[in-house]
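To start, the structure itself, in structure tokens.
The values are calculated or read from the model by the stated rules, or taken from the named source; none is laboratory data. Just so it is clear, the model here is predicted, and its values are computed rather than measured. All Cβ positions, even for glycine, are placed from backbone atoms using ideal geometry, and neighbour counts span all protein chains on display. The accessibility values were calculated without ligands, DNA or RNA, using every heavy atom of the protein model including side chains. Shrake-Rupley method; radii C 1.70, N 1.55, O 1.52, S 1.80 Å.
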Amino acid sequence: MMISPTLPAELKAALDGKLQGFSRTDAARRSSQISTTYRAGGGSGTIKSEADALAYALARMPATYAAVAASLNALTGIAPDFAPETLLDVGAGPGTASWAAAEAFPSLQSFTLLDANAPLSRLALELAQDSTRLADCRYLPGDADANLAEVSQADLVVASYVIGELSVGNQRNLAETMWAKARHALVVIEPGTPAGYARILALRQQLIAAGAYVAAPCPHEKPCPLIAPDWCHFSQRLPRSQAHRQIKGADVPFEDERFIYVALTRTPPVARASRVLAPPDLGKAEITAKLCTEGGLALTKVPRRDKAAYADARRWRWGDAVMSES
């Protein structure tokens, strides 16, 4: 079952409740300052108050949720029988990835969140307190890199937009520890920039060497076939609420979140799927699609005269899994 990229009704209601009496102008100012820090390579240390945490959540939760939802959809598309019961959300922030995992996996019964930022952890617990799924979640204070070793294993480990806050050495340590904590699967999501792609590529290579299998987006464990300046990333469109538009200072009623992810599993996928790496080109005579296949990179052309294949290819979207290229 594919889940929507939009925030669940319970989470949206909880955020709307927090907005009561909260100045949109102040939120926009705080959000802009936090974004500037992140773009300059800083981390969540700039979020120091309840107001900062709420401004961050209002600005970033919708897009982060959409990226995590798309990444988990890719995992469930390749491993439809995967039914985790326990989740570990590393660098959980306001709990965005946990909400997405709860939607993607009805089987989840236990949610453990880990983050060192106190205002974000308090906000996460407040947002979850009336949730039918997340009300009993455990939020452990502490640094993901240093404190993760003390946490129990979980069927599914998720880390969204967190490894970029660490040094290269600490990224390697965190990857190793997260994989050790993942009983069945690990999903890591990063911004869809060349730097985010490089971090995912390094983690992917490190954990394949440790015995991991790639469920998505790659249909293989071979080196990435893309050559710089090209890089692998995907895009998820999501609607913007009025409050979201005000805080972001945006007029457009939607946002396109660019992201990159890798879903790693302990056992090899039952089926491999090629991945659409860019928006397909719909020509009058044929559809041309850039695919990552088991055999490497392929520029696949589907002629209009092949009506069944053409009809299938017309439905391909950037990021989709394609079980058959014919």
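With the checklist (1) open to solvent by 60 Å² or more (accessible area, probe 1.4 Å); (2) part of a loop (DSSP other than H, G, I, E, B); (3) without any contact (Cβ under 8 Å) to a residue 24 or more places away in the chain; (4) among the small types (Gly, Ala, Ser) in hand, flag the one item residue 135 doesn't pass.
Single failed check for residue 135: (1).
For segment 193-212, does any single residue satisfy the condition of being in contact with a Gly (Cβ under 7 Å, 6 or more places away or on another chain), touching a residue at least 60 places away in the same chain (Cβ under 8 Å), surrounded by fewer than 20 Cβ atoms within 10 Å (Cβ to Cβ) and not β-branched (Val, Ile, Thr)?
So far as segment 193-212 goes, no, none of its residues is in contact with a Gly (Cβ under 7 Å, 6 or more places away or on another chain), touching a residue at least 60 places away in the same chain (Cβ under 8 Å), surrounded by fewer than 20 Cβ atoms within 10 Å (Cβ to Cβ) and not β-branched (Val, Ile, Thr).
Could you pull out the residue among 140, 123, 156, 127 that is over 17 Å from residue 264 (Cβ atoms), of a type in the set (A, V, I, L, M) and not in a helix (DSSP H, G or I)? Show your work before the answer.
Numbers: 123 fails: not in a helix (DSSP H, G or I); 156 fails: over 17 Å from residue 264 (Cβ atoms); 127 fails: not in a helix (DSSP H, G or I).
So the residue among 140, 123, 156, 127 that is over 17 Å from residue 264 (Cβ atoms), of a type in the set (A, V, I, L, M) and not in a helix (DSSP H, G or I) is 140.
Just name the residue that is modelled with the lowest pLDDT out of those in segment 213-239 that are part of a strand (DSSP E or B) and open to solvent by 50 Å² or more (accessible area, probe 1.4 Å). Outline the logic, then answer.
Narrowing segment 213-239 to residues part of a strand (DSSP E or B): 213-216, 234-239.
If we keep only those that are open to solvent by 50 Å² or more (accessible area, probe 1.4 Å) too, we end up with 213, 237, 239.
Values: 213: 98, 237: 92, 239: 84.
The qualifying residue modelled with the lowest pLDDT is 239.
Could you list, in sequence order, all residues of segment 312-326 that are among the hydrophobic types (A, V, I, L, M, F, W, C), open to solvent by 30 Å² or more (accessible area, probe 1.4 Å) and more than 25 Å from the chain's Cα centre (by Cα)?
Within segment 312-326, no residue meets the criteria.
In segment 61-80, how many residues are in contact (Cβ under 8 Å) with a residue 12 or more places away in the chain and either more than 12 Å from the chain's Cα centre (by Cα) or over 18 Å from residue 259 (Cα atoms) (or both)? Break it down into steps so the answer makes sense when it comes.
Residues of segment 61-80 that are in contact (Cβ under 8 Å) with a residue 12 or more places away in the chain, as a first pass: 61-79.
If we keep only those that are either more than 12 Å from the chain's Cα centre (by Cα) or over 18 Å from residue 259 (Cα atoms) (or both) as well, we get 76-79.
The total comes to 4.
Does residue 100 count as out of contact with any Pro (no Cβ under 7 Å at 6 or more places or on another chain) and more than 18 Å from residue 47 (Cα to Cα)?
Values: out of contact with any Pro (no Cβ under 7 Å at 6 or more places or on another chain): yes; more than 18 Å from residue 47 (Cα to Cα): yes.
For residue 100, the condition - out of contact with any Pro (no Cβ under 7 Å at 6 or more places or on another chain) and more than 18 Å from residue 47 (Cα to Cα) - is met.
Checking residue 82 against (1) among the aromatic types (Phe, Trp, Tyr); (2) under 24 Å from residue 270 (Cα atoms); (3) touching a helix residue (DSSP H, G or I) at 6+ places or on another chain (Cβ under 6 Å), only one condition comes out false. Which one?
(3)
Results for (1) open to solvent by 30 Å² or more (accessible area, probe 1.4 Å); (2) modelled with pLDDT under 95, shown as yes or no for each residue.
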| position | (1), (2) |
| --- | --- |
| 28 | no, yes |
| 38 | yes, yes |
| 44 | no, yes |
| 48 | yes, yes |
| 55 | no, yes |
| 61 | no, yes |
| 69 | no, no |
| 75 | no, no |
| 81 | yes, no |
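Somewhere in segment 240-259, is a residue more than 25 Å from residue 63 (Cβ to Cβ) and either modelled with pLDDT under 85 or outside any helix (DSSP H, G or I) (or both)?
no
Taking the condition of being assigned to a helix (DSSP H, G or I) and out of contact with any helix residue (DSSP H, G or I) (no Cβ under 9 Å at 6 or more places or on another chain), how many residues in segment 179-203 meet it? Working first, answer last.
Keep residues of segment 179-203 that are assigned to a helix (DSSP H, G or I), which gives 179-181, 194-203.
Of the ones still in play, those that are also out of contact with any helix residue (DSSP H, G or I) (no Cβ under 9 Å at 6 or more places or on another chain) are 194, 197-198, 201.
Residues in segment 179-203 being assigned to a helix (DSSP H, G or I) and out of contact with any helix residue (DSSP H, G or I) (no Cβ under 9 Å at 6 or more places or on another chain): 4 in total.
Could you look through segment 107-132, keep only residues that are of a type in the set (D, E, K, R) and surrounded by fewer than 24 Cβ atoms within 10 Å (Cβ to Cβ), and pick out the one that is farthest from residue 170 (Cα to Cα)? Explain how you work it out, then say what you get.
First, pick out the residues of segment 107-132 that are of a type in the set (D, E, K, R): 115, 122, 126, 130.
Retained after the next criterion (residues that are surrounded by fewer than 24 Cβ atoms within 10 Å (Cβ to Cβ)): 122, 126, 130.
Working: 122: 26, 126: 30, 130: 36 Å.
Ranking the qualifying residues of segment 107-132, first place goes to 130.
Applying the selection to segment 142-177, what residues are more than 16 Å from residue 109 (Cβ to Cβ) and surrounded by fewer than 12 Cβ atoms within 10 Å (Cβ to Cβ)?
Across segment 142-177, the qualifying residues are 149, 150, 167, 168, 169.
Got a number for residues in segment 292-311 being open to solvent by less than 70 Å² (accessible area, probe 1.4 Å), within 24 Å of residue 220 (Cβ to Cβ) and not polar (S, T, N, Q)?
So the answer is 5.
Scan segment 264-291 for residues that are of a type in the set (Asp, Glu) and either open to solvent by less than 70 Å² (accessible area, probe 1.4 Å) or in contact (Cβ under 8 Å) with a residue 40 or more places away in the chain (or both) and jot them down. Before you say what the answer is, go through the steps one by one.
So in segment 264-291, the residues of a type in the set (Asp, Glu) come out as 281, 286.
If the condition is that a residue be of a type in the set (Asp, Glu) and either open to solvent by less than 70 Å² (accessible area, probe 1.4 Å) or in contact (Cβ under 8 Å) with a residue 40 or more places away in the chain (or both), then 286 is the only one that fits.
Determine whether segment 142-151 contains at least one residue that is hydrophobic (A, V, I, L, M, F, W, C) and closer than 27 Å to residue 9 by Cβ. Full working, then the answer.
At the first step, the residues of segment 142-151 found to be hydrophobic (A, V, I, L, M, F, W, C) are 144, 146, 148-149, 151.
This time we only want the ones that are closer than 27 Å to residue 9 by Cβ, so: none.
Within segment 142-151 (the criterion being hydrophobic (A, V, I, L, M, F, W, C) and closer than 27 Å to residue 9 by Cβ), the answer is no, since none of the residues qualifies.
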